[in-house]
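Peer 1: Dropping the structure in here first, questions after.
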Amino acid sequence: MTTETINAAASGTWKLGDLTVNRLGFGAMRLPQTGTALVPDAVPRDRDQAIDVLRSAVELGVNHIDTAAFYFSALRSANELINRALAPYPDDLVITTKVGQPRDPSGAWLPHAGPEQLRGLVEENLRQLGRDHLDVVNLRVVGTDSIAERFGALAELRAAGLIRHLGLSNVHPHHLAEARAIAPVVCVQNMYGLGVRPDQDAFVHTCGEQGIAFVPFYAIAATGRQAGASGSDHPEILAVARAHGADPAQIRIAWTLHRGQHMLAIPGTGNPTHLTSNVAAAALHLSDDELATLEALHQRRP
């Protein structure tokens, strides 16, 4: 496959409310830094390289970018890079952000934001992205407590026109039910991937039944989480990868997309070569036998 034929549109489309996106998107978490992400001592990434990756992503058909104001290093933030690289924004570009637990300037996590703080966090994203409204805002949740007040505060900002659509991040099924009683939910963003958290399978299915996108994070990194994927992988994944002339990351992305039409992949990278490889996975079609092999791996308990 040549770079001319690689396009995120090969993944198909899904609608986040009234916004149509290609199912293969891009996660901006790793853009501001190299190495381990979301830690105070992260090494800032080369600014020009990050900007080139963003512009290349859009050229490759990516029209769904996931970001957050708390994705930053000592020198730069993901939102600032997105603004610099892509504004004025393409008409079809959907930017999803999240609020809920901010970080202080040193990078340390702060306590969970209360309802009264959420407007300030939304406005921070608006300023950094240079927008007059946000396409999708996910409430990031830590723990199992009620989210009614916090989600209600975001619903008020949606009614005021600052937010177009609402979603949830890092949540449990009861949070989704609680939120839907307050305002429409267009997406759920949870940790999920091949061999990671198979207990989420029922929740994935529920979201599909309700017409809600499921957007997994760490779908490539798996148990590596913030540190990224390890240098090795399961024999089953390696065998499928060899059969397709692909790499393990591409198989993990393809598996994600095969979990349902409502699954939206958002692999992130600051590496131009990895970006092209990730987008190419949009066109990978796994056979029934391959999917059965990978399903057995997914369900396997350590």
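Peer 1: Just name the residue that is nearest to the chain's Cα centre (by Cα) out of those in segment 1-30 that are at pLDDT 95 or above, of a type in the set (A, V, I, L, M) and closer than 19 Å to residue 273 by Cβ. Explain how you work it out, then say what you get.
Peer 2: The initial filter retains those residues of segment 1-30 that are at pLDDT 95 or above, namely 6-28.
From the residues that got through so far, the ones that are of a type in the set (A, V, I, L, M) too are 6, 8-10, 16, 19, 21, 24, 28.
Retained after the next criterion (residues that are closer than 19 Å to residue 273 by Cβ): 6, 8, 10, 24, 28.
On the way: 6: 20, 8: 15, 10: 18, 24: 10, 28: 8 Å.
Step by step, filter segment 1-30, then rank; the result is 28.
Peer 1: Exactly one of (1) modelled with pLDDT of 95 or more; (2) of a type in the set (S, T, N, Q); (3) surrounded by 15 or more Cβ atoms within 10 Å (Cβ to Cβ) is unmet by residue 210. Its number?
Peer 2: (3)
Peer 1: Taking segment 106-130 as the region of interest, how many residues are over 22 Å from residue 73 (Cα atoms) and out of contact with any helix residue (DSSP H, G or I) (no Cβ under 8 Å at 6 or more places or on another chain)?
Peer 2: 1
Peer 1: A further question follows. Applying the selection to segment 251-279, what residues are free of Cβ contacts under 8 Å to residues at least 60 places away in the same chain and either surrounded by fewer than 24 Cβ atoms within 10 Å (Cβ to Cβ) or of a type in the set (A, V, I, L, M) (or both)?
Peer 2: Start the filter on segment 251-279 by keeping residues that are free of Cβ contacts under 8 Å to residues at least 60 places away in the same chain, which leaves 251-252, 254, 258-260, 273-274, 277.
Result: 251, 254, 258, 259, 260, 273, 274, 277.
Peer 1: Quick check on my filter: what residues within segment 64-85 are surrounded by fewer than 23 Cβ atoms within 10 Å (Cβ to Cβ) and within 17 Å of residue 265 (Cα to Cα)?
Peer 2: Hits for segment 64-85: nothing passes.
Peer 1: Are any of the residues in segment 39-51 in contact with a helix residue (DSSP H, G or I) (Cβ under 6 Å, 6 or more places away or on another chain), at pLDDT below 95 and either within 11 Å of residue 270 (Cβ to Cβ) or surrounded by fewer than 14 Cβ atoms within 10 Å (Cβ to Cβ) (or both)? Lay out the reasoning, then the answer.
Peer 2: To start, the set of residues in segment 39-51 that are in contact with a helix residue (DSSP H, G or I) (Cβ under 6 Å, 6 or more places away or on another chain) comprises 50-51.
Next cut, at pLDDT below 95 only: none.
No, segment 39-51 has no match at all.
Peer 1: Name every residue in segment 134-171 that is under 17 Å from residue 212 (Cβ atoms) and among the hydroxyl-bearing types (Ser, Thr, Tyr), in order of residue number.
Peer 2: First, the residues of segment 134-171 that are under 17 Å from residue 212 (Cβ atoms): 135-141, 147, 151, 154-155, 158, 163-171.
The one that is under 17 Å from residue 212 (Cβ atoms) and among the hydroxyl-bearing types (Ser, Thr, Tyr): 169.
Peer 1: Would you mind stating whether residue 66 is at pLDDT 95 or above and in contact with a strand residue (DSSP E or B) (Cβ under 7 Å, 6 or more places away or on another chain)?
Peer 2: Working: at pLDDT 95 or above: yes; in contact with a strand residue (DSSP E or B) (Cβ under 7 Å, 6 or more places away or on another chain): yes.
Spelling it out, residue 66 is indeed at pLDDT 95 or above and in contact with a strand residue (DSSP E or B) (Cβ under 7 Å, 6 or more places away or on another chain).
Peer 1: For segment 56-74, indicate whether the set of residues that are within 23 Å of residue 22 (Cβ to Cβ), of a type in the set (Val, Ile, Thr), in contact with a helix residue (DSSP H, G or I) (Cβ under 6 Å, 6 or more places away or on another chain) and in a loop (DSSP other than H, G, I, E, B) is non-empty.
Peer 2: Within segment 56-74 (the criterion being within 23 Å of residue 22 (Cβ to Cβ), of a type in the set (Val, Ile, Thr), in contact with a helix residue (DSSP H, G or I) (Cβ under 6 Å, 6 or more places away or on another chain) and in a loop (DSSP other than H, G, I, E, B)), the answer is yes, since at least one residue qualifies.
Peer 1: Identify, from the list 176, 168, the residue that is more than 18 Å from residue 66 (Cβ to Cβ) and modelled with pLDDT of 95 or more.
Peer 2: Details: 168 fails: more than 18 Å from residue 66 (Cβ to Cβ).
Result: 176 is the single residue among 176, 168 that is more than 18 Å from residue 66 (Cβ to Cβ) and modelled with pLDDT of 95 or more.
Peer 1: Looking at segment 284-298, is at least one residue touching a helix residue (DSSP H, G or I) at 6+ places or on another chain (Cβ under 8 Å) and surrounded by 24 or more Cβ atoms within 10 Å (Cβ to Cβ)?
Peer 2: We begin by selecting, within segment 284-298, every residue touching a helix residue (DSSP H, G or I) at 6+ places or on another chain (Cβ under 8 Å); these are 284-286, 290-291, 293-294, 296-298.
Adding the requirement that they be surrounded by 24 or more Cβ atoms within 10 Å (Cβ to Cβ) leaves none.
For segment 284-298, residues touching a helix residue (DSSP H, G or I) at 6+ places or on another chain (Cβ under 8 Å) and surrounded by 24 or more Cβ atoms within 10 Å (Cβ to Cβ): absent.
Peer 1: Considering segment 178-194 alone, what residues qualify as being outside any strand (DSSP E or B) and either under 18 Å from residue 100 (Cβ atoms) or touching a strand residue (DSSP E or B) at 6+ places or on another chain (Cβ under 6 Å) (or both)? Outline the logic, then answer.
Peer 2: Start the filter on segment 178-194 by keeping residues that are outside any strand (DSSP E or B), which leaves 178-186, 190, 192, 194.
Passing the criteria: 178, 179, 180, 182, 183, 185, 186, 190.
Peer 1: Out of the residues in segment 126-170 meeting the condition of being outside any strand (DSSP E or B) and basic (Lys, Arg), tell me which one is surrounded by the most Cβ atoms within 10 Å (Cβ to Cβ).
Peer 2: Our first condition is that a residue be outside any strand (DSSP E or B); within segment 126-170, this holds for 126-133, 141-162, 170.
Subsequent filtering for residues that are basic (Lys, Arg) retains 127, 131, 150, 158.
On the way: 127: 13, 131: 17, 150: 23, 158: 19.
Checking each candidate, the answer is 150.
Peer 1: Let me ask something additional. Looking at (1) surrounded by 14 or more Cβ atoms within 10 Å (Cβ to Cβ); (2) within 20 Å of residue 210 (Cβ to Cβ); (3) over 19 Å from the mean Cα position of the chain (by Cα); (4) of a type outside the set (A, V, I, L, M), which is the one condition that is false for residue 174?
Peer 2: Going through (1) surrounded by 14 or more Cβ atoms within 10 Å (Cβ to Cβ); (2) within 20 Å of residue 210 (Cβ to Cβ); (3) over 19 Å from the mean Cα position of the chain (by Cα); (4) of a type outside the set (A, V, I, L, M) one by one, residue 174 breaks only (1).
Peer 1: Additional query: Can you tell me how many residues within segment 86-125 are crowded, with 19+ Cβ neighbours inside 10 Å and part of a helix (DSSP H, G or I)?
Peer 2: 5
The values are calculated or read from the model by the stated rules, or taken from the named source; none is laboratory data. Everything numeric here is computed off the predicted structure, so don't read it as measured data. Cβ atoms come from the backbone with ideal geometry, glycine included; neighbour counts cover every protein chain shown.
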